[in-house]
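Report on one structure; see the data block that follows.
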Amino acid sequence: MRAVIQRVSKASVTVSEVVISEIGQGYLILLGIEAADTQTDIEWLAAKIAKLRVFSDENDAMNKSILDVGGDVIVVSQFTLHAGTKKGNRPSFIKAARPEVAIPLYQSFILQMGKELGKNIQTGEFGAMMDVSLVNDGPVTIIIDTKNKE
C-alpha cells in the first residue's frame, strides 16, 4: 500500500462537475493499493498517518499531528501510484490491485482512518474520473509505502 500524504489548507474532489468532498486544514491522501496488501498494511498505515507530526506548533516547528490540530482528511484511490516505468515509456499497472480486491481494502482503510481520528473521512469516488483540487500547505508532501517501512 502506497500513500502520498499532502498537508493542505483546503482540498476538494469533483466528479461530473459536482463537488463530492471538501475540507479545510488537513490531509489529502492519495492511496495506491496492490494485490499483496492486507488488513495489517491498513492498520499500520492509518496509525502512522494519524500520528505524523507535520503541522506547526507555536514555534513554527513541525511538532503537531492531525489529531492535535483537529484536521480533516480526504482519501482518494489512485492505482497509478503503482505504475511500473522500468521498461519503455508506457507505464505498467500490473502491481495495482484489481477493483474486486482494491475496493474492499480502500473502504477498510477509510474506516480505519476514521477510527484513528475519531471522525468521518471524506473520499473520492473509486474508479471515477475526478478533478482533485488542493492548496498544498508548506508545501508538505510525504510518501509512505507499507512494503518499505523507513
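With a probe of 1.4 Å, find how much accessible area region 37-150 has per residue, and write the answer as a whole number in Å². The partial results should precede the final answer.
Numbers: 7100 Å² over 114 residues.
On a per-residue basis, 62 Å².
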Exercise. What lysines could a cross-link reach from residue 115, if we take a straight Cα to Cα line under 26 Å and drop same-chain neighbours fewer than 8 places away?
Worked result: 10, 48, 51, 64, 147, 149
Seminar exercise, completed: Hydrodynamic radius by Kirkwood for region 14-58, inverse mean 1/r across distinct Cα pairs, in Å, is 13.5 Å
For this session: Per DSSP H run of at least 4 residues, take -39500 (n - 2.57); add these up for the chain, divide by its residues and hand me the 222 nm value, nearest 500 deg cm²/dmol.
Result: -7500 deg cm²/dmol
Seminar exercise, completed: The ³J(HN,Hα) series, computed from each phi in region 13-23 with the Karplus coefficients 6.51, -1.76 and 1.60 at θ = phi - 60°, rounded to the nearest Hz and given as x for glycine or proline, is 10, 10, 10, 6, 6, 10, 6, 9, 8, 7, 9
Exercise. What is the set of long-range amide H partners of residue 97 at a cut-off below 5 Å, with H atoms built 1.01 Å from backbone N?
Worked result: 33, 34, 35
For this session: Would you work out what percent of the accessible area of the chain, with all protein chains in place, is carbon or sulfur (probe 1.4 Å)?
Result: 49 percent
Seminar exercise, completed: Taking 79-89, 109-119 and ranking on average Cβ neighbours within 10 Å, highest first, one gets 109-119, 79-89
Problem set entry | For region 13-150, projected area of the alpha-carbon convex hull averaged over all directions, nm² | 9.4 nm²
Problem set entry | Highest-MSF residue in the chain out of 125, 34, 100 [GNM, Cα springs under 10 Å] | 100
For this session: Can you give me the three principal axis dimensions of region 104-150 from its C-alpha atoms, in Å, biggest first?
Result: 31, 30, 23
Problem set entry | Projected label distance in nm at residue 10 and residue 93, using a 7 Å step from Cα toward the beta-carbon | 3.1 nm
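Using only Cα atoms, what is the ratio of the radius of gyration of region 75-140 to 2.2 N^0.38 Å?
Values: Rg = 14.5 Å, N = 66, 2.2 N^0.38 = 10.8 Å.
Normalised Cα radius of gyration, region 75-140: 1.34.
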Exercise. Where the centroid of each part is defined by its Cα atoms, how far is region 31-83 from region 84-135 in Å?
Worked result: 13 Å
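The values are calculated or read from the model by the stated rules, or taken from the named source; none is laboratory data. Every value quoted in this text rests on a predicted model; they were computed, and no experiment measured them. Ideal geometry is used to build each Cβ from the backbone, glycine not excepted, and the neighbour counts take in all protein chains shown. Only protein heavy atoms, including side chains, enter the accessible area calculation; ligands, DNA and RNA are left aside. Shrake-Rupley method; radii C 1.70, N 1.55, O 1.52, S 1.80 Å.
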